[in-house]
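Report on one structure; see the data block that follows.
Computed from the coordinates by the stated procedures, all read-outs in this text should not be read as laboratory data. None of these values were measured; they are calculated from a predicted model. Positions of Cβ are generated from backbone atoms using ideal geometry, with glycine treated the same way; all protein chains shown enter the neighbour counts.
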Amino acid sequence: GEDVEQSLFLSVREGDSSVINCTYTDSSSTYLYWYKQEPGAGLQLLTYIFSNMDMKQDQRLTVLLNKKDKHLSLRIADTQTGDSAIYFCAVPGGSYIPTFGRGTSLIVHP
Amino acid sequence: EPEVTQTPSHQVTQMGQEVILRCVPISNHLYFYWYRQILGQKVEFLVSFYNNEISEKSEIFDDQFSVERPDGSNFTLKIRSTKLEDSAMYFCASSARQGLGYTFGSGTRLTVV
């Protein structure tokens with residue numbers, strides 16, 4: 001089945017850019033997703049990218065997709081303390097069911 | 001913005017008891033899912049449901065689990081005899097099309113004591 005890997009922690013200073021990386025194994029995905037989970041809350045769809053795109057920009061968020069290396073990244077520009085959360089990469093496999101990574105805890109300090 | 005609604009937000013139950021977790025998916029969505037997240041661990045797929053039947057399930061979804069769409073709006077997950085290790089956050093999700101646009105609810109935290 002699909003395997004999705006993310007680093008567990010990222011610590012950045014307020015105002016800097018954050019880059020959260022994700023690698024996956026199954027190449028049959030159509031859309032790839034980033035979800036955000038704030039403490040005690042549910043999974044909020046942050047952004048997504050269609051598999052025939054290399055890049056998608058949405059305000060402070062930039063998603064990069066390298067299909068050859070099966071690598072997905074999320075860049076948050078001008079990171080704010082309110083961006084502190086767990087970020088999950090989710091990649092649908094051959095059955096279209098999203099498989100989630102373990103999540104990257106983003107810690108933003110002043 | 002349409003939402004997936006889950007109730008209750010938190011449920012405490014004794015080991016061995018049956019629980020039913022409820023979800024109201026987005027009204028024009030056709031595909032429904034349950035996931036769970038044990039504290040500090042991955043979000044794990046449990047089951048998907050389409051056209052009034054289970055379309056896929058994981059190894060976690062054993063005979064203790066069942067899903068139902070009892071009417072046109074609700075989607076439920078039943079755990080027949082809860083175990084301590086069933087304690088987790090359970091997320092319901094729905095999508096209009098397969099492989100596209102999954103919307104998650106805010107979850108039900110199940111605590112088995």
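Here are the numbers:
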quantity	calculated
Longest exposed-site-free window of chain B, the sites being GluC sites (Glu not before Pro) in a DSSP loop that have at most 11 other C-beta atoms within 10 Å	B:60-113
Burial ordering of A:Arg13, A:Arg60, fewest other beta-carbon atoms within 10 Å first	A:Arg13, A:Arg60
Proximal lysines to A:Lys36, defined as alpha-carbon separation beneath 16 angstrom and excluding residues fewer than eight positions away on the same chain	B:Lys42
Ranking of B:Tyr90, A:Tyr48 by count of other Cβ atoms within 10 Å, fewest first	A:Tyr48, B:Tyr90
Leading residue at positive end of dipole, chain B (Cβ point charges), from B:Ser94, B:Val113, B:Ser58	B:Val113
Residues with amide H under 5 Å from that of A:Ser7, placed H, sequence gap 5 or more	A:Asn21
Alpha carbon convex hull of chain B, projected area averaged over orientations, nm²	6.7
Straight-distance crosslink candidates among aspartates and glutamates, where the alpha carbon sits under 17 Å from B:Lys83 and sequence neighbours closer than 8 are dropped	B:Glu18, B:Glu59, B:Asp62, B:Asp63
Dipole in debye (nearest 20) - chain B, about Cα centre, beta carbon charges: Lys, Arg +1; Asp, Glu -1	160
Debye-sum result for the protein assembly as shown in log10 I(q)/I(0), which assumes one identical scatterer on each alpha carbon, at q = 0.11 Å⁻¹	-0.54
Reference-scaled alpha-carbon Rg (2.2 N^0.38 Å with N residues) for chain A	1.01
